[in-house]
Amino acid sequence: MKLFDLDGPLFAALNKLSDLVFANLLFLAFSLPVVTIGASLTALQTVVLDLARGDEFVVRKRFWQAFRRHFKASTLLWLLFVLAAAVLGGSYLAARSLGGELARFYAVFLGALAILLALVFQLAFPLLSCRPAGPLQTLKTACQLTVLRLPWAVGMLAVTVAALYLSFFMNPALIGGATFLWLALGFALVAYCNAFLALRAFQVLPGRDTQD
């Protein structure tokens, strides 16, 4: 097999890259109402998980199918995470007013809870995309997976944090270019990298994944 054959590795990589760009643009477009971010994120996770499995499909159709199928559950799940983040943020602001050692204790405690929330968040939407369930059941299973498959959950969070740091904090002069890359590809690319870790984390779940 030659490098430049239509079925060679170069064209396969370019096809996957174009799929990720298209999925990224769909994710951004369907996230514009804000309240639909959860459904859009679940649809993106469906696409990248299928790409990680090596499935062949039309990105537009798969994204739209997943968006419609999981809209209610993923929207409620998204709102639960937003509520939890708001509670943590409000608690942190309230703790800062206490001052002294007590404020530092609460800051560390709330920081640990925030990291735990981020770990669960990384698994929840990929889980919903391949194991449809109600938002509370998905949240419960994601919490269990975070404990049972902690290395994979930490790996997913590390990929996301590393991508954000390299893009926006390592060299402030490159923020403009990094922003363009995220708008063109970044969300889907990070989700795709994390999809391989998510699939490993899901191996402990009974039964088989449900695909759209």
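The values are calculated or read from the model by the stated rules, or taken from the named source; none is laboratory data. It should be emphasised that the depicted structure is a prediction, and the values quoted were computed from it without experimental measurement. Neighbour counts are summed over all protein chains in view; Cβ atoms, including those assigned to glycine, are modelled from backbone coordinates with ideal geometry.
Below, the figures for the structure above:
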quantity: Residues of the stretch 171-188 satisfying the condition of being among the aliphatic types (A, V, I, L, M) and surrounded by 12 or more Cβ atoms within 10 Å (Cβ to Cβ); calculated: Leu174, Ile175, Ala178, Leu181, Leu183, Ala184, Leu185, Ala188
quantity: Positions within the stretch 117-168 being of a type outside the set (A, V, I, L, M), more than 16 Å from Phe81 (Cβ to Cβ) and part of a helix (DSSP H, G or I), in sequence order; calculated: Cys130, Gln144, Pro151, Trp152, Gly155, Tyr165, Ser167, Phe168
quantity: Lone unmet requirement of (1) closer than 30 Å to Gln203 by Cα; (2) modelled with pLDDT under 95; (3) part of a helix (DSSP H, G or I) for Gly177; calculated: (1)
quantity: Scan of the stretch 93-121 for residues that are surrounded by 13 or more Cβ atoms within 10 Å (Cβ to Cβ) and at pLDDT 95 or above, ordered by number; calculated: Leu113, Ala114, Leu116, Leu117, Ala118, Leu119, Val120, Phe121
quantity: When residues of the stretch 1-36 are limited to those that are acidic (Asp, Glu) and either touching a Gly at 6+ places or on another chain (Cβ under 8 Å) or surrounded by fewer than 12 Cβ atoms within 10 Å (Cβ to Cβ) (or both), the one modelled with the highest pLDDT; calculated: Asp7
quantity: Checklist (1) free of Cβ contacts under 8 Å to residues at least 12 places away in the same chain; (2) closer than 19 Å to Pro132 by Cα; (3) not β-branched (Val, Ile, Thr) applied to Leu76, failing item; calculated: (1)
quantity: Failed item in (1) surrounded by 17 or more Cβ atoms within 10 Å (Cβ to Cβ); (2) under 22 Å from Ile37 (Cα atoms), with Trp152 passing the rest; calculated: (2)
quantity: Subset tally (residues that are more than 20 Å from Cys143 (Cα to Cα) and in a helix (DSSP H, G or I)) for the stretch 89-116; calculated: 17
quantity: Unmet criterion (only one of (1) without any contact (Cβ under 8 Å) to a residue 24 or more places away in the chain; (2) closer than 30 Å to Leu14 by Cα) for Ala66; calculated: (1)
quantity: Selection within the stretch 37-63 - crowded, with 18+ Cβ neighbours inside 10 Å and either without any contact (Cβ under 8 Å) to a residue 60 or more places away in the chain or of a type in the set (Asp, Glu) (or both); calculated: Ile37, Ala39, Ser40, Asp50, Val59, Phe63
